[in-house]
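S.K.: Here you go, one structure.
The values are calculated or read from the model by the stated rules, or taken from the named source; none is laboratory data. Since this is a predicted model, take the numbers as computed values, not measurements. Here the Cβ positions follow ideal geometry from the backbone for every residue, glycine too, while neighbour counts run over all protein chains shown. For accessibility, only protein heavy atoms count, side chains too; no ligands or nucleic acids. Shrake-Rupley method; radii C 1.70, N 1.55, O 1.52, S 1.80 Å.
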Amino acid sequence: MRDITELMNAYRECSRNLWNVYFSKRKDIGDALDVFEQIRELLFDSIVLSELSYEEAAEGKGIPPPSLKIVPRERSLILINRSTESSGYWDQEKDMVVGPRDITLAFLDYFDFGQIPIMDFHYFRCQVLSFPSHPDYEGREALLEVSGAKIFHDESAERYGTNPSAAE
């Protein structure tokens, strides 16, 4: 696995700056959010995907989320969604702490509880792929502070067909 934390930080900072300086003060905030999300997709393709060796990216398919793994640093606080349907409640278990060998997380996006007027992308929004001590949490979304984790590109998941979303 290749550590792409700095590459993702560049994408995060570019996205944050674009929103906070140019979009957050618009009168039609709903329209601004829609346009911003489209721009973020282009930024992700340009800043992140262009730097990764991934055969499918050239065909416009993007990188499936399980190929981008979030690895918590030692003793990182994690917030688990209450249900598998992304309920918006991140309090399944209070004060849960995980380490790098406790859980396998796939990157979905960045997340903030509030986006207006300032967006910080304080959290990684992830999907729990494996959590041996809590198998009932597998498949749920989770939040992990960006400062408490690293992000890796799992090239082997694509190369050897172990990527669960490759069939989609």
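S.K.: Whole Å is fine, so just give me how far the alpha carbon centre of region 1-49 lies from that of region 75-116.
M.R.: 21 Å
S.K.: Also, I was wondering about something else. Sort the following peptides by mean Cβ neighbour count (other Cβ atoms within 10 Å, averaged over residues), highest first: 130-138, 24-32, 105-113.
M.R.: Details: 130-138: 13.4, 24-32: 11.9, 105-113: 18.7.
Descending mean neighbour count gives 105-113, 130-138, 24-32.
S.K.: Taking all protein chains together and a probe of 1.4 Å, list VAL98, VAL71, VAL21 from the most accessible to the least accessible. Intermediate values should be presented prior to the final figure.
M.R.: Numbers: VAL98 5, VAL71 35, VAL21 80 Å².
My answer, sorted largest first, is VAL21, VAL71, VAL98.
S.K.: Continuing with the same structure: At 7 Å along the Cα-to-beta-carbon direction for both SER46 and SER133, put a label point, then send me their distance in nm to one decimal.
M.R.: Each label point is offset 7 Å from its Cα along the Cβ direction, giving 4.3 nm.
S.K.: Suppose the chain between GLU13 and ASP112 were pulled fully straight at 0.36 nm per residue; how much longer would it get relative to their current alpha carbon spacing?
M.R.: Working: separation 99, 0.36 × 99 = 35.64 nm, distance 1.39 nm.
Additional length available on full extension: 34.2 nm.
S.K.: What is the calculated FRET efficiency for ASP34 to SER147, with r their C-beta to C-beta distance and R₀ = 35 Å, to the nearest 0.05? Can you show the working numbers first?
M.R.: Details: r = 29 Å, r/R0 = 0.83.
Rounded to the nearest 0.05, the efficiency is 0.75.
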